[in-house]
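The values are calculated or read from the model by the stated rules, or taken from the named source; none is laboratory data. Bear in mind the structure is a predicted one, so any value in this text is a computation, not a measurement. Glycine also receives a Cβ, built like all others from the backbone with ideal geometry; neighbour counts cover every protein chain displayed. Quick note on the areas: whole protein, heavy atoms, side chains included, nothing else; ligands and nucleic acids left out. Shrake-Rupley method; radii C 1.70, N 1.55, O 1.52, S 1.80 Å.
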Amino acid sequence: QVQLVESGGGLVQPGGSLRLSCAASGSIFSFNDMSWYRQAPGKQRELVALITSGGTTNHADSVKGRFTISRDKAKNRVYLQMNRLKPEDTAVYCCNARKIVTNHWGQGTKVTVSS
């Protein structure tokens, strides 16, 4: 059973930074890709950033230049560095790991951007 555990969320002022972490129970290279999604209250879940097993990354237009997805093979972790946060970044952020057609999800970590 794959387990994904997110951490690093919290309350931050606009313009601030946070780093989210997703710890996987197995090797992150066993997955085709890993990604961060977010869901704000009353809105649909959206893809924020993705990293493939080969290391290719993609970021949503809304976060390009501010957020960066990365990974640490030795620690089986995927990170989301979030800089210059805006109130509209407020959401629950979830880690996803995909293996062929199977998706695994973490419980999520809440990020609130407010002054």
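Quote the accessible area belonging to Val5 in square angstrom, nearest 10, computed with a 1.4 Å probe and with ligands, DNA and RNA left uncounted.
Using a 1.4 Å probe on the heavy atoms, I get roughly 90 Å².
Under the Karplus relation 6.51 cos²θ - 1.76 cosθ + 1.60, θ = phi - 60°, what is the ordered set of whole-Hz ³J(HN,Hα) values for segment 83-100, x standing for Gly and Pro?
Those phi angles translate into 10, 6, 5, 10, x, 6, 7, 4, 4, 8, 9, 10, 8, 10, 10, 10, 10, 6 Hz.
Can you compute the modelled spin-label distance between Asn103 and Asn83, with each label point 7 Å from Cα toward Cβ, in nm?
Here the modelled spin labels are 3.0 nm apart.
Return an integer: the convex hull volume of the alpha-carbon atoms of the chain, in Å³ per residue.
Residue-normalised Cα hull volume stands at 95 Å³.
Give the total of Lys-Lys pairs in the chain with Cα-Cα distances below 25 Å; include a pair only if its members are 8 or more places apart or on different chains.
11
Would you please give the residues with an amide H less than 5 Å from that of Gly16, counting only those at least 5 places away or on a separate chain, with H modeled from the backbone geometry?
When sequence neighbours closer than 5 places are left aside, the close amide H contacts are Leu85.
Please list 3J(HN,Hα) in residue order for segment 35-51, calculated via the Karplus relation 6.51 cos²θ - 1.76 cosθ + 1.60 where θ = phi - 60°; whole Hz, with x for glycine and proline.
Computed from phi, the couplings for segment 35-51 are 8, 10, 10, 9, 9, 8, x, x, 10, 6, 5, 10, 6, 9, 7, 9, 9 Hz.
Quote to one decimal, in nm, the extra length available between Ser62 and Arg45 on full extension: 0.36 nm per residue of separation minus the C-alpha distance between them.
Length gained between Ser62 and Arg45: 4.7 nm.
Pulled fully out, how much extra length does the chain show between Thr112 and Phe29, if you take 0.36 nm times their separation in residues and subtract their Cα-Cα distance?
Going from the current span to full extension adds 26.8 nm.
Residues with amide H under 5 Å of Thr90's amide H, sequence separation 5 or more or different chain, H placed in the peptide plane at 1.01 Å from N; which?
Distant-sequence amide H within range of Thr90: Val113.
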